[in-house]
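The values are calculated or read from the model by the stated rules, or taken from the named source; none is laboratory data. Since this is a predicted model, take the numbers as computed values, not measurements. We place every Cβ from the backbone using ideal geometry, glycine too, and count neighbours over all the protein chains shown.
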Amino acid sequence: MSAIVHRSYDHGWYYHYNLHLVKADALLTPYPLLREYLKGLTKECPQEPFLRGPRSSKVRVPIIIKTSRVENHEVCALTRAALDAPRFHTAHMNVQMHMLQHDNTTISIETPLWLLEGEDEQLTQLIGETGPLSGHIDALRVEDGIVWIWDYKPHADKEKYAAMQTLLYAFMLEKRTGIALSQMRCGYFDSEAAHIFAPARSILSLDSLNECPPPQILAIERPVEF
């Protein structure tokens, strides 16, 4: 039996969820509900939340999230190694699969998450869009008992909304697994640098929106399939 279990889901287009069972069992002892959630996704995942409502990657909320920029983070080294020896059609899949296969802390890739309507009224008010919120974590890692949510961005330094995207992932993961935000970290990265921060509910202060333009939800375009 392979250590890596793969399942493709049609969530508007096909996402290729992969879970490393050995690492999940070894690293997720403190988080049995997360381990149960990830293993459950190898068998089934609801489709409906991903077919309507906002996608986290398309939400544009005018809140500035302060991040720490780390040059040559280990995820950057993994990215360089993946891109130097490509095996798949897209940079994303090369980076994700390399991390899953060669990094001791990467547990899963393209991990689906969702929030149903009414599960988080604060987020609904902030985003200004009805319907379920959904997304897929590029790489989920566990380091020293901390759950890391990572998103690969080919031009990380130029990103304006990647921090918000990963913050929304953290809120969804909290809801689906019960893990406290204090036990998570978020980040996005490319081959040169990583931008990291600690997720917190206080980031979503509605007062900070008083002098900002309203949030925008961008149209979802079908990307190139793997």
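Out of all the residues in the range 40-67, which are in a helix (DSSP H, G or I) and buried (at least 16 other Cβ atoms within 10 Å of the Cβ)? Result: PRO49, PHE50, SER56, SER57, LYS58.
Determine whether ALA156 is surrounded by 15 or more Cβ atoms within 10 Å (Cβ to Cβ) and either over 14 Å from the mean Cα position of the chain (by Cα) or of a type in the set (D, E, K, R) (or both). Here the answer is yes, as ALA156 does meet what is asked.
When ALA180 is tested against (1) touching a residue at least 40 places away in the same chain (Cβ under 8 Å); (2) within 20 Å of LEU28 (Cβ to Cβ); (3) surrounded by fewer than 19 Cβ atoms within 10 Å (Cβ to Cβ), just one condition goes unmet, and that condition is (1). Applying the condition of being of a type in the set (Ser, Thr, Tyr) and not in a loop (DSSP other than H, G, I, E, B) to the range 159-170 and asking which residue is surrounded by the most Cβ atoms within 10 Å (Cβ to Cβ) yields THR166.
Selection over the range 108-125 of residues that are of a type outside the set (A, V, I, L, M) and not in a helix (DSSP H, G or I) gives a count of 9. Once the range 108-139 is narrowed to residues that are out of contact with any helix residue (DSSP H, G or I) (no Cβ under 8 Å at 6 or more places or on another chain) and in contact (Cβ under 8 Å) with a residue 60 or more places away in the chain, the residue that is nearest to ALA26 (Cα to Cα) is HIS136. Based on this model, can you work out whether LEU34 counts as surrounded by 13 or more Cβ atoms within 10 Å (Cβ to Cβ), touching a residue at least 24 places away in the same chain (Cβ under 8 Å) and in a strand (DSSP E or B)? For LEU34, the condition - surrounded by 13 or more Cβ atoms within 10 Å (Cβ to Cβ), touching a residue at least 24 places away in the same chain (Cβ under 8 Å) and in a strand (DSSP E or B) - is not met. The residues of the range 61-91 that are within 18 Å of the chain's Cα centre (by Cα), under 21 Å from ILE109 (Cβ atoms) and among the aliphatic types (A, V, I, L, M), listed by number, are VAL75, LEU78, ALA91.
Look at (1) within 23 Å of LEU133 (Cβ to Cβ); (2) modelled with pLDDT of 95 or more; (3) touching a His at 6+ places or on another chain (Cβ under 9 Å); (4) of a type outside the set (Phe, Trp, Tyr) and you find that LEU33 fails only one, number (3). A residue that is basic (Lys, Arg), buried (at least 23 other Cβ atoms within 10 Å of the Cβ) and under 23 Å from CYS45 (Cβ atoms) occurs somewhere in the range 134-143. Residues that are in contact (Cβ under 8 Å) with a residue 40 or more places away in the chain, surrounded by fewer than 24 Cβ atoms within 10 Å (Cβ to Cβ) and either of a type in the set (D, E, K, R) or in a strand (DSSP E or B) (or both) within the range 78-107 comprise just one, ARG80.
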